[in-house]
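Below is one structure, written out as structure tokens, with a few remarks after it.
No value in this document is a laboratory result; all are computed from the given coordinates. Owing to the predicted nature of the structure, the values given are computational and were not obtained by experimental measurement. Neighbour counts are summed over all protein chains in view; Cβ atoms, including those assigned to glycine, are modelled from backbone coordinates with ideal geometry.
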């Protein structure tokens with residue numbers, strides 16, 4: 001198996017571990033994953049019933065980011081559009097992939113709850129997050145921050161732990 005290709009059950013198992021999903025919450029969590037996939041996160045081809053879905057590292061990163069955005073209060077209906085727009089932002093994509101290896105990336109957002117604007121946000125490393133959040137808070141007052149890098153690294157590490165072992169000839 002290609003090192004950057006993962007099966008659905010590996011990805012789901014890793015996400016359940018990384019997001020600390022309790023067994024009684026698993027059906028709702030699976031519904032959330034179906035909702036995201038139905039709306040193009042990640043952007044995978046339909047495989048049909050019984051087909052095997054293969055996820056790349058980038059696909060896993062998109063799922064983690066989408067779930068983390070929802071966890072900090074971004075409405076599920078808005079999440080797919082944010083992820084779709086982020087796909088074309090190459091420096092952001094590179095930073096997210098780096099964070100999946102190193103685990104050091106904070107996502108900070110200033111939501112405008114009255115107008116539904118979620119575009120005032122930035123990514124930064126842990127050594128500057130406190131100062132950047134303080135500056136952002138002076139301007140926008142309401143700020144949410146999440147340790148996205150830690151969640152990404154934890155998910156990728158969990159996936160790698162579930163990789164099937166190769167059998168002999």
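See the values below:
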{"quantity": "Crossing angle, helix 129-140 versus the chain [Cα axis fit, 0-90 degrees, rounded to tens]", "calculated": "50 degrees"}
{"quantity": "Förster radius 22 Å - calculated FRET efficiency between residue 120 and residue 30, Cβ distance, rounded to 0.05", "calculated": "0.10"}
{"quantity": "Cα-based helix-to-principal-axis angle, 90-102 vs the chain, degrees rounded to 10", "calculated": "70 degrees"}
{"quantity": "Extension reserve of the residue 127-residue 71 stretch, reckoned as 0.36 nm per residue once the Cα distance is removed", "calculated": "17.8 nm"}
{"quantity": "Relative contact order %, the range 1-115, counting alpha carbon pairs below 8 Å whose residues are six or more apart", "calculated": "26 percent"}
{"quantity": "Helix-derived mean residue ellipticity, 222 nm - over the chain, DSSP H n ≥ 4, -39500 (n - 2.57), to 500", "calculated": "-16000 deg cm²/dmol"}
{"quantity": "Rounded if a/c under 1.5, otherwise prolate or oblate - the chain, Cα gyration tensor axes", "calculated": "prolate"}
{"quantity": "Label-point separation in nm, residue 134 to residue 47, each point 7 Å along Cα→Cβ", "calculated": "4.9 nm"}
{"quantity": "13 Å cut-off, amide nitrogen to a point 7 angstrom out along residue 97 Cα→Cβ, residues in the range 28-66", "calculated": "56-62"}
